[in-house]
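The values are calculated or read from the model by the stated rules, or taken from the named source; none is laboratory data. Predicted, not measured: the structure shown is a model, and the values here were computed from it. Every residue, glycine as well, gets a Cβ built from its backbone with ideal geometry; the counts of neighbours run over all protein chains shown.
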Amino acid sequence: MKKIIFLLLGVILLATCKHQTTQIPIGSGNPIDNPVVTPTNDSVCFSSQILPLILANCAQTGCHNAVDRAEGLVLTSYSSIYSLARNGSLVSTITTTSASKRMPYKQPAMDTASINLIKRWIKEGSKNRTCTTNACDTANVLYSTHISPVINTYCKGCHNAGNKGGNINLDNYTDVKTQTSTGNLICAISFTGCKNMPQTGSKLSTCNIRKFIIWKNHNFPQ
């Protein structure tokens, strides 16, 4: 009799455990069911991605820097840029089709990649992230994957076809190659006697400077 009782208890326990198992739906599209968590190392960094981009495009001479303060705005710090990001005016002014209202003022619009990066930063909460890494990707340095992104972030705002600062255009492969081959660009970004570039913000990282040197030494692969 005792054996029968124990056997019945075992069956009941197994049945109970089976009914308590929770099945989590996969691919339902509901963010509660499938939360998307952006890895820290894949998040947009304000200090190394957003700030240089804003400085190059918006804090030039005559614009939103500490000296000129166009329209009373100084866009050289996290707090000032954050305010415009959260109230929607940052995206609206860089995407408007009105040339008289668009930022950068009286210049070509920011490229799609830069605009999307800013939108992504805002979507992630406009956080004041500072990202540091010991990794430096200088293997197989190409213009498209290594050089162009640096130019777009730090240089293109001042040196493009519509705004040739110093009569230098850096918005295409040929012109970047020319300035690098002469040594002028590497000298400028290395702060070694030429006019320092970028003029606003900090010196480029050692890793980014190395990319230009390696690119030049390998005959400027695209």
Worksheet item: Among the listed residues Thr174, Thr192, which satisfies the condition of being assigned to a loop (DSSP other than H, G, I, E, B) and polar (S, T, N, Q)?
Response: Thr192
Worksheet item: Restricting the search to the range 166-222, which residues are among the hydroxyl-bearing types (Ser, Thr, Tyr), more than 21 Å from Asn140 (Cα to Cα) and surrounded by 15 or more Cβ atoms within 10 Å (Cβ to Cβ)?
Response: Ser190, Thr200
Practice prompt. Answer yes or no: is there a residue in the range 87-105 that is among the hydrophobic types (A, V, I, L, M, F, W, C) and more than 17 Å from the chain's Cα centre (by Cα).
Written response: yes
Discussion item. Which numbered condition in (1) among the basic types (Lys, Arg); (2) in a loop (DSSP other than H, G, I, E, B); (3) modelled with pLDDT of 90 or more is the only one that Lys101 fails?
Written reply: (3)
Worksheet item: Do we have Ile168 as at pLDDT 90 or above and closer than 17 Å to Thr61 by Cβ here?
Response: yes
Worksheet entry | the range 53-98, subset in a loop (DSSP other than H, G, I, E, B) and among the small types (Gly, Ala, Ser), residue farthest from Ile122 (Cα to Cα) | Gly62
Practice prompt. Identify the single condition in (1) at pLDDT below 90; (2) part of a loop (DSSP other than H, G, I, E, B); (3) surrounded by 11 or more Cβ atoms within 10 Å (Cβ to Cβ) that Ala113 does not satisfy, given that it satisfies every other one.
Written response: (2)
Practice prompt. Give me the pairs, please: first residue somewhere in the range 150-169 and within 12 Å of Asp111 (Cβ to Cβ), second residue anywhere and small (Gly, Ala, Ser), beta-carbon distance under 8 Å, and either six or more positions apart or on two chains.
Written response: Asn152/Ala113; Asn152/Ser114; Thr153/Ala56; Thr153/Ser114; Lys156/Ala56; Gly157/Ala56
Practice prompt. With respect to Lys211, determine if the residue is modelled with pLDDT of 90 or more and more than 16 Å from the chain's Cα centre (by Cα).
Written response: yes
Item to complete: Among residues belonging to the range 36-52 that are modelled with pLDDT of 85 or more and either in a loop (DSSP other than H, G, I, E, B) or assigned by TED's automatic domain parsing to the domain that holds His159 (or both), point out the one that is surrounded by the most Cβ atoms within 10 Å (Cβ to Cβ).
Response: Val44
Worksheet item: For residues in the range 134-143 being loosely packed, with under 11 Cβ neighbours inside 10 Å and not small (Gly, Ala, Ser), which is modelled with the lowest pLDDT?
Response: Asn134
Discussion item. Can you say whether Ser126 is in a helix (DSSP H, G or I), touching a residue at least 12 places away in the same chain (Cβ under 8 Å) and either of a type in the set (Gly, Ala, Ser) or more than 21 Å from Ile189 (Cα to Cα) (or both), as far as the supplied structure shows?
Written reply: no
